[in-house]
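Let me begin by presenting the structure, written as structure tokens, before commenting on it.
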Amino acid sequence: YIGWLLHRTWGGIVAGVLFVLPSLFILTALTYVYLAFGDLSFVQGVFNGIKPAVVGIVVFAAWRIGSRALKNNVLWTMAALSFIAIFAFKMPFPYIVLAAGLLGAAGGKLMPNKFKAGAGHSTRNKQHGPALIDDDTPPIAHTHLRWPYLFTLVLTALALWGAAMRMLPDGTLNDMGKFFTKAALVTFGGAYAVLPYVYQGAVEHHQWLTGAQMIDGLALGETTPGPLIMVVSFVGFVGAWTKEIF
């Protein structure tokens, strides 16, 4: 599987770019309108109408994900403690993820029935045809792990990232480069899992934008095509605007 993933990396990058770019351009244009003309009554009215709907969507999505993943009181307790840690005690999000991972690893050994992972979508009462690739299918040649290819990908990625970081001047842009690099490495579970970390760093630590502006960014992210994670482009745009990088 790792070999297949590496083999498909460049194709995945191309597909991801084609999927994300339209959303990036649309969200960037809307963010400019939001910042340049946000004091107009019409623009304020639009956002005041969208924000309650977006909050409802986020709450419903969190409940739907939680109801599928949290199958017993132990897991619900872990979720509650995570919420208390990040909301009341302002604990850094990566520490919460690390603690949850360690507890899950230990719980899987000590209480496997309480930490049993469930499927994301119910497959009960569904009929499927014979699998084209099953456990007995011999692996295809290009799916084998090739260490030289792996090192080439890693070194290329590090070189591109290092060159980009070297080009950024000290200040807001450099801070953004480091922050979003860490966000990409320490967050798991999609946009809804990334948002607490982005909020902590962008709003509370770096103060690139306010909490109300973050909600506005979610509103824009939910109403544009593409993944919700595109809200980070809104955060970067507003932060650069607020800090007057030019």
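The values are calculated or read from the model by the stated rules, or taken from the named source; none is laboratory data. Predicted model only: the values in this text are computed from it and were never measured. Counting neighbours? That spans all protein chains shown, and the Cβs are built from the backbone with ideal geometry, glycine included. Accessible surface areas use protein heavy atoms only, side chains included; no ligands, DNA or RNA. Shrake-Rupley method; radii C 1.70, N 1.55, O 1.52, S 1.80 Å.
Values computed for the structure shown
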read-out: Qualifying chymotrypsin sites (Phe, Trp or Tyr not before Pro) for region 128-221 [loop in DSSP, other Cβ within 10 Å: at most 15]; value: PHE188
read-out: Equivalent ellipsoid semi-axes - Cα gyration tensor, region 138-246, angstrom; value: 31, 20, 11
read-out: Option label - Rg/Rh (Cα atoms, Kirkwood Rh) computed here, alternatives (1) 0.96; (2) 1.00; (3) 1.12; value: (2)
read-out: Max mean-square fluctuation residue, GNM over the chain, Cα-Cα springs under 10 Å, options LEU218, LEU168, LEU228; value: LEU168
read-out: Point-charge dipole on Cβ atoms (K/R +1, D/E -1) for the chain, about Cα centre, debye to 20; value: 760
read-out: Cβ crowding within 10 Å averaged over residues, with 24-32, 104-112 ranked highest first; value: 24-32, 104-112
read-out: Value of relative contact order over the chain, rounded to a whole percent, pairs C-alpha under 8 Å and six or more apart; value: 35
read-out: Under the span-like rule (Cα at least 24 Å along the axis, Kyte-Doolittle mean at least -1.0), DSSP H helices of the chain; value: 9-37, 41-69, 93-110, 147-167
read-out: 222 nm mean residue ellipticity, helices alone, for the chain (DSSP H n ≥ 4; -39,500 (n - 2.57); rounded to 500); value: -22500 deg cm²/dmol
read-out: Region 114-246, accessible area per residue, ligands and nucleic acids excluded (1.4 Å, Å²); value: 66
read-out: Share of carbon and sulfur in the accessible heavy-atom surface of region 117-246 [1.4 Å probe, %]; value: 63
read-out: GNM result for the chain, Cα springs below 10 Å: residue of GLY129, GLY45, GLY101 fluctuating most strongly; value: GLY129
read-out: Dipole of the chain, positive direction: furthest Cα of PHE42, MET78, PHE234, with charges on the beta-carbon; value: MET78
read-out: Above-threshold pairs, the threshold being 20 Å between Cα atoms, out of LYS90/LYS116; LYS90/LYS243; LYS109/LYS182; LYS71/LYS109; value: LYS90/LYS116; LYS90/LYS243; LYS109/LYS182
